[in-house]
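The values are calculated or read from the model by the stated rules, or taken from the named source; none is laboratory data. Quantities reported herein were computed from a predicted structural model and do not represent experimental measurements. Note that we place each Cβ from the backbone using ideal geometry, even for glycine, and neighbour counts take in every protein chain shown.
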Amino acid sequence: MGLTLTDVSVRFGDVVAVDDVSLEIPTGEVFALLGASGSGKSTLLRAIAGLEPCSGDIAFDGESVVGTPVHKRGFALMFQDGQLFPHLDVAGNVGYALRVQGRRDDARVADLLDLVGLGGFGRRRVTELSGGEQQRVALARSLAADPRLLLLDEPLSALDRELRERLALDVRRILTEAGTTAILVTHDHAEAEVIADRVGRLDRGRLVSVSATPDRGVEPA
């Protein structure tokens, strides 16, 4: 079934940051949220993650997660700076979520590093990696615990244009191969079209349009 938002709003005092958003994202779809700075896209993502209180309902596979603690929603959030642990090597970063769950799965970590094109990098220090390699590690870490929903907040915005264009193609491949349901927040229309199946545009907190990206074979909502 996937994610269902029903009349979701977020207010900060008298300011309406997200205004009555309703949306369905089926399982396995990659959905992009586009909008100018201040349009509410990152705030909506944080509300879905459980990091901002909201009105309305947020449900996954038909069950409301409103009131469910962040760590029990089964969602993963990846920020634009990756937020890697500098004291851990690449494998340690990727396997962090597994260790939090009381699991150690070296084969899973190795498979994820292969998926993001970093096979053999497990013992490398993350501080020795390029910006693009660090974002690949952050993506692998986000996928490690098999989240039912991956939330990507401007994951490529800190990279230069050429690297962003190359990595966007890789992100699309990785998410597709992993079969991950994902929401991508970006201000870059070209990036959204490369990575996502559908694109929604926010304007002053309102979802004003939803359309399929070219050549995906997905019907617009």
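Which numbered condition in (1) part of a loop (DSSP other than H, G, I, E, B); (2) among the hydrophobic types (A, V, I, L, M, F, W, C); (3) under 20 Å from Arg198 (Cα atoms) is the only one that Leu5 fails?
Going through (1) part of a loop (DSSP other than H, G, I, E, B); (2) among the hydrophobic types (A, V, I, L, M, F, W, C); (3) under 20 Å from Arg198 (Cα atoms) one by one, Leu5 breaks only (1).
Name the residues in the stretch 62-104 that are over 18 Å from the mean Cα position of the chain (by Cα), more than 17 Å from Phe121 (Cβ to Cβ) and of a type in the set (D, E, K, R), would you?
Glu63, Arg99, Arg103, Arg104
When Val218 is evaluated against the numbered criteria (1) part of a loop (DSSP other than H, G, I, E, B); (2) within 22 Å of Ala76 (Cβ to Cβ); (3) at pLDDT below 85, which criterion, by number, is the only one it fails?
Failed condition: (2).
Quick one: which residue in Val8, Val66, Val15, Val90 is crowded, with 18+ Cβ neighbours inside 10 Å and in the same structural domain as Gly179 (by TED's automatic domain parsing)?
Details: Val66 fails: crowded, with 18+ Cβ neighbours inside 10 Å; Val15 fails: crowded, with 18+ Cβ neighbours inside 10 Å; Val90 fails: in the same structural domain as Gly179 (by TED's automatic domain parsing).
On inspection, the qualifying residue turns out to be Val8.
Kindly establish whether Ser157 is surrounded by fewer than 20 Cβ atoms within 10 Å (Cβ to Cβ), among the small types (Gly, Ala, Ser), in the same structural domain as Lys41 (by TED's automatic domain parsing) and in a loop (DSSP other than H, G, I, E, B). Let's see the steps before the verdict.
Values: surrounded by fewer than 20 Cβ atoms within 10 Å (Cβ to Cβ): yes; among the small types (Gly, Ala, Ser): yes; in the same structural domain as Lys41 (by TED's automatic domain parsing): yes; in a loop (DSSP other than H, G, I, E, B): yes.
Against the criterion (surrounded by fewer than 20 Cβ atoms within 10 Å (Cβ to Cβ), among the small types (Gly, Ala, Ser), in the same structural domain as Lys41 (by TED's automatic domain parsing) and in a loop (DSSP other than H, G, I, E, B)), Ser157 qualifies.
Name the helices (runs of 4 or more DSSP H) wholly within the stretch 41-145 that hold at least 3 residues that are of a type in the set (Asp, Glu)?
Details: elements: 41-49, 90-94, 96-100, 106-115, 131-144.
Result: 106-115.
It is to be established whether one or more residues within the stretch 127-137 are outside the structural domain of Arg99 (by TED's automatic domain parsing) and either touching a Leu at 6+ places or on another chain (Cβ under 7 Å) or of a type in the set (Ser, Thr, Tyr) (or both).
First, pick out the residues of the stretch 127-137 that are outside the structural domain of Arg99 (by TED's automatic domain parsing): none.
No, every residue in the stretch 127-137 fails to be outside the structural domain of Arg99 (by TED's automatic domain parsing) and either touching a Leu at 6+ places or on another chain (Cβ under 7 Å) or of a type in the set (Ser, Thr, Tyr) (or both).
Looking only at the stretch 172-210, count how many residues are under 30 Å from Asp14 (Cβ atoms) and among the basic types (Lys, Arg).
3
Tally time: how many residues in the stretch 24-40 are closer than 24 Å to Gly179 by Cβ and crowded, with 19+ Cβ neighbours inside 10 Å?
The initial filter retains those residues of the stretch 24-40 that are closer than 24 Å to Gly179 by Cβ, namely 24-34.
Within this subset, residues satisfying the condition of being crowded, with 19+ Cβ neighbours inside 10 Å are 25, 29-34.
The total comes to 7.
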